[in-house]
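First the structure, in the form of structure tokens, and then the observations on it.
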Amino acid sequence: MSLGYADRLSHREDLGGRLGDPELSDAPHTALEKAYKLAELIRAASKVIVFTGAGISTACGIPDFRGPLGVWTCQRKGLPPPKLQTSFLYAKPSLTHQALLGLLQSGKLAYICSQNVDSLHLRSGVPRSQLAELHGNCFAERCKKCKKEYVRDFEMDTVGFKPTGRRCTDPDCRGQLIDHILDWEDALPDDEFKTTQRHASSAVSWCLATRLGCC
């Protein structure tokens, strides 16, 4: 099964950052103690923002990039790429995605900033207005003219803001649609990055399944 998005990126030898670090786990009682401490921090905070990475989607059958068997780790080692257990198209949100949605709906979580392109936060029900997709979305395309975003039920064929062959449906615009997925050298979306900074400046930041070192 194709890795989809990763297969469409430009080939790059310099993958940056750390690759293949071992996964660490706590004893059940230690994990429970830490969970209680985290719950208290969240309960005491007036505002929380979450940063999510590829690790929250591994339970959905999508491999990560920098883990022991990640996509880039395997490339660096000259190994075959990891196998998808399911395609992006059929992946379903995990319990982690659903828990974050619950925190949003309760009003405790203000904003999610994700490096993931799998659209699973949106599929879980997270409003687009409360989500930054810093690396884009494999299912999204945007109008080059009016910036309207269209989230599809199929993946884009390209990355790097290339024309998709479709047009904006606004009769007063009809601008060209382009994929909304970053390639290696593309800059982060300025509007979503600034919104994230604004939220993070006055909130407790919670990082899930990401080092935040390779945005």
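The table below lists the values:
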read-out: Residue list for the stretch 22-56, restricted to those being in contact (Cβ under 8 Å) with a residue 24 or more places away in the chain, touching a Ser or Thr at 6+ places or on another chain (Cβ under 9 Å) and closer than 29 Å to Q85 by Cα; value: V50, F51, T52, G53, A54, G55, I56
read-out: Residue selected from the stretch 40-68 under the condition out of contact with any helix residue (DSSP H, G or I) (no Cβ under 7 Å at 6 or more places or on another chain), of a type in the set (S, T, Y) and under 22 Å from Y111 (Cβ atoms), by the criterion modelled with the highest pLDDT; value: T52
read-out: Close pairs from the stretch 92-106: first at negative phi and open to solvent by 50 Å² or more (accessible area, probe 1.4 Å), partner assigned to a helix (DSSP H, G or I) and among the polar types (S, T, N, Q), Cβ under 6 Å, at least 6 apart; value: Q98/S124
read-out: Sole exception among (1) open to solvent by less than 80 Å² (accessible area, probe 1.4 Å); (2) closer than 19 Å to L134 by Cα; (3) at pLDDT 95 or above for C168, by number; value: (2)
read-out: Matching option when the condition is surrounded by fewer than 16 Cβ atoms within 10 Å (Cβ to Cβ) and assigned to a loop (DSSP other than H, G, I, E, B), among L84, L79; value: L79
read-out: Sole exception among (1) touching a helix residue (DSSP H, G or I) at 6+ places or on another chain (Cβ under 8 Å); (2) within 22 Å of A54 (Cβ to Cβ); (3) outside any loop (DSSP other than H, G, I, E, B) for V117, by number; value: (3)
read-out: Answer residue from the stretch 67-76, given it is open to solvent by less than 40 Å² (accessible area, probe 1.4 Å) and touching a residue at least 40 places away in the same chain (Cβ under 8 Å) and is nearest to T210 (Cα to Cα) among those; value: G67
read-out: Hits in the stretch 21-35 (condition: closer than 18 Å to G70 by Cα and open to solvent by 80 Å² or more (accessible area, probe 1.4 Å)); value: P22, E23, L24, S25
read-out: Subset tally (residues that are part of a helix (DSSP H, G or I) and either closer than 23 Å to A6 by Cβ or β-branched (V, I, T) (or both)) for the stretch 139-198; value: 4
read-out: Condition broken by V204, with the remaining ones in (1) over 18 Å from the mean Cα position of the chain (by Cα); (2) exposed (fewer than 13 other Cβ atoms within 10 Å of the Cβ) satisfied; value: (2)
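Quick grid of which residues meet (1) among the β-branched types (V, I, T); (2) surrounded by 16 or more Cβ atoms within 10 Å (Cβ to Cβ); (3) at pLDDT 90 or above; (4) out of contact with any Gly (no Cβ under 9 Å at 6 or more places or on another chain):
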residue	(1), (2), (3), (4)
G4	no, yes, no, yes
S10	no, no, no, no
L19	no, yes, no, no
L38	no, no, yes, yes
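The values are calculated or read from the model by the stated rules, or taken from the named source; none is laboratory data. Here the structure is a predicted model, which is why all the values come from computation and not from measurement. Note: ideal-geometry Cβ built from the backbone for every residue, glycine included; neighbour counts use all protein chains shown. Surface areas here come from the heavy atoms of the whole protein model, side chains and all, with no ligands, DNA or RNA. Shrake-Rupley method; radii C 1.70, N 1.55, O 1.52, S 1.80 Å.
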